[in-house]
Amino acid sequence: MTKTINHFIDLPEIDPEVVKGIMKHAHALKAEKFSPPQVMEGLSLAMVFDKLSTRTRVSFDVAMKQLGGHTIVMSKGEMQIGGAESIESTAKVLSRYVDAIMVRMSDHENMQELAKYAEIPVINGMTNQSHPCQIMADIMTIEEKMETAQGKRIAWFGDYNNVCQSYIDASKIWDFDFVMALPEDLNDNVPKGVNFTNDAKVAAKGADVLVTDTWVSLGQEGKNIDKFWPYQVNAELMALGNDNAIFMHCLPIHEWEEVSEEVAKSPASVIFDEAENRLHAQKAILAWCLKDAGVKLAKPLGF
Ligand code: CP
Ligand code: NVA
């Protein structure tokens, strides 16, 4: 009998009801943050990074430890995978030592290959294509601030990138209206069926959430940002949003390019709640990943 392995690599690969169940569990775990259930006792998470990280690294580490588990954090440069060893061999070896692998890998196909050979769950800690863990924290934050994401207008400004793609994936699960504002020469990058405009004001009008990310993602250092300035989220754009519109950003901010200092530090900005929610959302992701992997959890997870 083949064992079910719950990889968390891209939202469209998981049943939408399951994703919503993980989200519900994330809220429950946040409510229990001062007495976290010790469901990961005896379990280990390996974390592998081929790019810089503050939030993903620390929040996964703390999440696993607060739930009673262990972690080992490695950068690709310290492992044999950076040299002669194949992804297949690495996946098979790590599967004999730990219970799940969280990976930040530039190349999405390499992560899929790792998951193909791993006998344990693989979690996407961001690739050049997507950042699903970030979006779980973002939706969690939106639900906290406005009860539901469903039916809301979420406006994205600037570049089409990994975080933006995960928003597009999430819009199909939570049924929100997602609109992108980006420079004209990037129109061809917008996936089919996604609503977009080259006029930032059109996107901002009536938005419940104004969200952006750096114009220079990791690995794109030296990129010319001149064309992005009309898409900076500033007070003028925020004023076009709905009353009580919020500002979101996955962080780190490139100060003060994609967002003005005034907006980032305004009461409408929920960026640090969003960062905190990485911790809670990832506890729920870890719990789901390990639920069907033959691991005995200390207590029922509620879905
Ligand atoms: N938002 C996010 O993923 O941050 P890090 O790159 O610091 O992990
Ligand atoms: N788009 C950014 C997100 C960082 C969390 C990047 O890929 O660097």
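The values are calculated or read from the model by the stated rules, or taken from the named source; none is laboratory data. In this text, all values refer to a predicted model and were calculated from it rather than measured experimentally. Cβ sites come from the backbone with ideal geometry, for glycine too, and all protein chains shown count toward neighbours. The area values use the complete protein model at the heavy-atom level, side chains included, leaving out ligands, DNA and RNA. Shrake-Rupley method; radii C 1.70, N 1.55, O 1.52, S 1.80 Å.
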*When only Cα pairs under 8 Å and 6 or more residues apart are kept, what is the percent relative contact order across segment 45-175?*
21
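Give the relative contact order (percent, whole number) for the chain; include only Cα pairs under 8 Å separated by 6+ residues.
22
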_More than 33 Å apart - percent of Cα-Cα pairs taken over the chain_ = 23
*Label points 7 Å out from Cα along the Cβ direction at GLU221 and GLU262: separation in nm?*
3.3
*Could you work out which residue, out of PRO267, PRO12, PRO36, moves most in a Gaussian network model of the chain, that is, has the largest mean-square fluctuation with Cα springs under 10 Å?*
PRO267
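Quick one: pull the percent of accessible area on segment 171-260 belonging to carbon and sulfur, 1.4 Å probe, ligands and nucleic acids left out. Each step should come with its number before you reach the end.
Values: 2000 of 4320 Å².
Its accessible area is 46 percent carbon and sulfur atoms.
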*Would you mind checking LYS201/LYS265; LYS172/LYS291; LYS223/LYS265; LYS145/LYS291; LYS92/LYS223; LYS51/LYS172 for any pair whose Cα atoms are more than 31 angstrom apart?*
LYS92/LYS223
*Roll a 1.4 angstrom probe over the protein heavy atoms and tell me the percent of accessible area of segment 58-144 that is carbon or sulfur.*
47
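Shape call for segment 186-265 from the C-alpha gyration tensor, a ≥ b ≥ c root eigenvalues: rounded (a/c under 1.5), prolate (a/b greater than b/c) or oblate? Display every interim value, and only then the final one.
Details: a/c = 1.85, a/b = 1.16, b/c = 1.59.
Since a/c reaches 1.5 but b/c is at least a/b, the shape of segment 186-265 is classed as oblate.
Given axes a ≥ b ≥ c from the Cα gyration tensor, I'd like to know whether segment 14-167 is rounded (a/c under 1.5), prolate (a/b larger than b/c) or oblate. Present the calculation step by step, with values, prior to reporting the outcome.
Numbers: a/c = 2.08, a/b = 1.32, b/c = 1.58.
It comes out oblate by the Cα gyration axes.
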*How far is helix 16-31 tilted, in degrees, relative to the longest principal axis of the Cα atoms in the chain, given as a value from 0 to 90 rounded to the nearest 10?*
90
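Just check segment 159-207 against the gyration tensor rule for me: Cα atoms, a ≥ b ≥ c as the square roots of the eigenvalues, rounded for a/c under 1.5, and otherwise prolate or oblate depending on whether a/b exceeds b/c.
Details: a/c = 2.02, a/b = 1.19, b/c = 1.69.
Here segment 159-207 falls in the oblate category.
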*Just grab the label-to-label distance for ASP199 and PHE272, each label 7 Å out from Cα along the Cβ direction, in nm (one decimal).*
3.7
*Calculate how steeply helix 271-291 sits against the longest principal axis of the alpha-carbon atoms of the chain, using the helix alpha-carbon long axis, and give the answer as 0 to 90 degrees to the nearest 10.*
30
_Between VAL190 and GLU144, what is the label-point separation in nm under the 7 Å Cα-to-beta-carbon projection?_
3.1
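For segment 31-86, what number results from the quotient of the Cα radius of gyration and 2.2 N^0.38 Å? Intermediate results must be reported in sequence, preceding the final value.
Working: Rg = 13.7 Å, N = 56, 2.2 N^0.38 = 10.2 Å.
Taking N as the residue count of segment 31-86, the ratio is 1.35.
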*Could you work out how far helix 132-146 tilts from the main Cα principal axis of the chain, as a 0 to 90 degree angle to the nearest 10?*
60
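How large is the accessible surface per residue of the chain, computed with a 1.4 Å probe and reported in Å² as a whole number?
Working: 13440 Å² over 303 residues.
In whole numbers, the chain has 44 Å² accessible per residue.
Only loop residues by DSSP count here, and only those with at most 14 other Cβ atoms within 10 Å; note down the chymotrypsin sites (Phe, Trp or Tyr not before Pro) in segment 214-278 that meet that. Show your work: numbers first, answer last.
Numbers: sites: TRP215, PHE228, TYR231, PHE247, TRP256, PHE272; in loops: TRP215, TRP256.
For chymotrypsin sites (Phe, Trp or Tyr not before Pro) across segment 214-278 that sit outside H, G, I, E and B with at most 14 neighbouring Cβ atoms in 10 Å, the list reads TRP256.
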